[in-house]
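Undergrad: A single structure is presented below for examination.
The numbers here are math on the coordinates, done by the rules we state, and not lab data. Worth saying up front: this structure is predicted, and the values here are computed from it rather than measured. Don't worry about glycine lacking a Cβ; one is built from the backbone with ideal geometry, like all the others, and counts go over all protein chains shown.
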Amino acid sequence: MNLENVRMLEFPQKGDERGRLVIVEGGMDIPFEVKRIFYIYGSDKTVVRGQHANRKTQFVLINVAGQSKVKVKDGKGNEIVFTLNRPHTGIYLPQMVWKDMYDFSEDSILLCLASEHYDPEEYIRDYDQFMLMIEKESQ
Ligand code: TYD
């Protein structure tokens, strides 16, 4: 898996005089059925979260309020940084990419949609191990 599959997604919005409504349908607006939702808030500017890759889980991250940044690495020396700051856009993260979330604004609420239930065993939290796995995959 490489960074070509990492991309920003734009979700349909239904705005009217009452305000805005953003729609995210599993398997339609995002490329998987959602099995898990969690959200991150109260992390300040100095915090770096994530710092892992997942063997199985795909994610979509949406800053429904405020902003944060996501750095995505492929384990082969390539990385891309995305700024999440619009509630109707999200970043798609396939399996086997390394991600760091950081630079959280005070009002940041980062909504995370996941393709799998939580399983700590499928998290890779050591970057050297991640690089080795990527190297093996490409052999
Ligand atoms: P962690 O993976 O460190 O969060 P982040 O990706 O933002 O750095 O998770 C923090 C804690 O929450 C850790 O003890 C594992 C637990 N956790 C769950 O129990 N279920 C979940 O779905 C997630 C994402 C985390």
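Undergrad: To the nearest 0.05, how large is the calculated FRET efficiency for Glu122 and Val48 if R₀ is 25 Å and r is the Cβ-Cβ distance? Walk me through the intermediate numbers first.
TA: On the way: r = 21 Å, r/R0 = 0.84.
According to the calculation, E is roughly 0.75.
Undergrad: Beyond 16 Å, how much of the Cα-Cα pair distribution for segment 1-94 remains, as a whole percent? The partial results should precede the final answer.
TA: Values: 2631 of 4371 pairs.
For segment 1-94, the fraction of Cα-Cα distances above 16 Å is 60 percent.
Undergrad: Determine the gain in length on full extension of the stretch Lys136-Asn5; use 0.36 nm per residue of separation and subtract their C-alpha separation, reporting nm with one decimal. Let's see the in-between values first.
TA: Values: separation 131, 0.36 × 131 = 47.16 nm, distance 1.95 nm.
Using 0.36 nm per residue and subtracting the Cα-Cα distance, I get 45.2 nm.
Undergrad: What is the total of Lys pairs in the chain with C-alpha atoms under 25 Å apart, excluding same-chain pairs fewer than 8 positions apart?
TA: 24
Undergrad: Let me ask something additional. Among Val60, Val24, what is the fewest-to-most ranking by other Cβ atoms within 10 Å?
TA: Numbers: Val60 22, Val24 17.
With the sparsest Cβ surroundings first, the list reads Val24, Val60.
Undergrad: In addition: Which order results if Asp107, Asp74 are arranged by neighbouring Cβ count within 10 Å, fewest first? Intermediate results must be reported in sequence, preceding the final value.
TA: On the way: Asp107 10, Asp74 21.
Lowest count first: Asp107, Asp74.
Undergrad: If you don't mind, there's one more thing I want to ask. Among Gln13, Gln95, Gln58, which one shows the biggest mean-square fluctuation in a GNM of the chain, springs joining Cα atoms closer than 10 Å?
TA: Looking only at Gln13, Gln95, Gln58, the biggest GNM fluctuation is shown by Gln13.
Undergrad: In degrees, nearest 10, range 0 to 90: what is the angle between the Cα axis of helix 127-137 and the longest Cα principal axis of the chain?
TA: On a 0 to 90 degree scale, this one is about 70.
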